[in-house]
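Scroll down for the structure; my scribbles are underneath it.
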């Protein structure tokens with residue numbers, strides 16, 4: 001039995017890297033080696049949604065000339081659309097799937113219908129997940145804005161309370177020295193933690209400019 005190998009990848013990057021392509025070629029070549037002769041091979045770089053495939057057209061011509069069947073690794077590499085597969089069969093294309101070589105035309109239609117439905121369900125789940133994530137993102141964004149405003153108010157109030165405890169030279173102190181002074185005085189940050197150079201820097205920013213940086 002003569003076969004014409006047909007492979008499809010969706011992007012040029014996949015074609016260059018061999019991602020997905022090598023696996024298809026291995027399945028097709030192994031099958032052909034034990035069941036017949038592989039007379040030609042064609043690689044299509046095209047989305048499965050596009051029915052206009054130049055390499056498939058060449059494969060069909062080559063298969064007719066050689067009296068061969070078109071051999072593919074998996075049905076989804078050919079198409080997940082029932083209408084496309086039905087059209088190919090109506091045009092007399094003899095299709096053999098290495099993954100399920102004994103499948104009849106009727107069975108291929110069934111498998112294609114299942115694949116098409118699976119793609120539809122995946123698309124719906126993806127859209128629903130994105131919509132939910134977007135909704136959560138908007139809600140979190142609103143809450144984050146309110147929380148940031150509250151934190152700034154708390155930081156400003158805390159800084160005003162601690163100002164009177166600081167030594168007169170606090171503005172000339174290094175952040176490390178200021179943090180050590182505050183810790184030795186038994187003070188803690190607005191969150192109840194020890195002072196570190198970064199939190200001392202934040203405190204100075206609030207005292208000097210009325211703003212606080214993350215830290």
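The values are calculated or read from the model by the stated rules, or taken from the named source; none is laboratory data. Owing to the predicted nature of the structure, the values given are computational and were not obtained by experimental measurement. All Cβ positions, glycine included, derive from the backbone under ideal geometry; neighbour counts span all protein chains shown.
Here are the numbers for this structure:
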read-out	value
Test: residue in the stretch 90-101 that is in contact (Cβ under 8 Å) with a residue 12 or more places away in the chain, surrounded by 15 or more Cβ atoms within 10 Å (Cβ to Cβ), touching a helix residue (DSSP H, G or I) at 6+ places or on another chain (Cβ under 7 Å) and part of a strand (DSSP E or B)	yes
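Results for (1) at pLDDT 85 or above; (2) touching a strand residue (DSSP E or B) at 6+ places or on another chain (Cβ under 9 Å); (3) surrounded by fewer than 16 Cβ atoms within 10 Å (Cβ to Cβ), shown as yes or no for each residue.
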{"position": "132", "(1), (2), (3)": "no, no, yes"}
{"position": "169", "(1), (2), (3)": "no, no, yes"}
{"position": "177", "(1), (2), (3)": "yes, no, yes"}
{"position": "195", "(1), (2), (3)": "no, no, no"}
{"position": "206", "(1), (2), (3)": "no, no, no"}
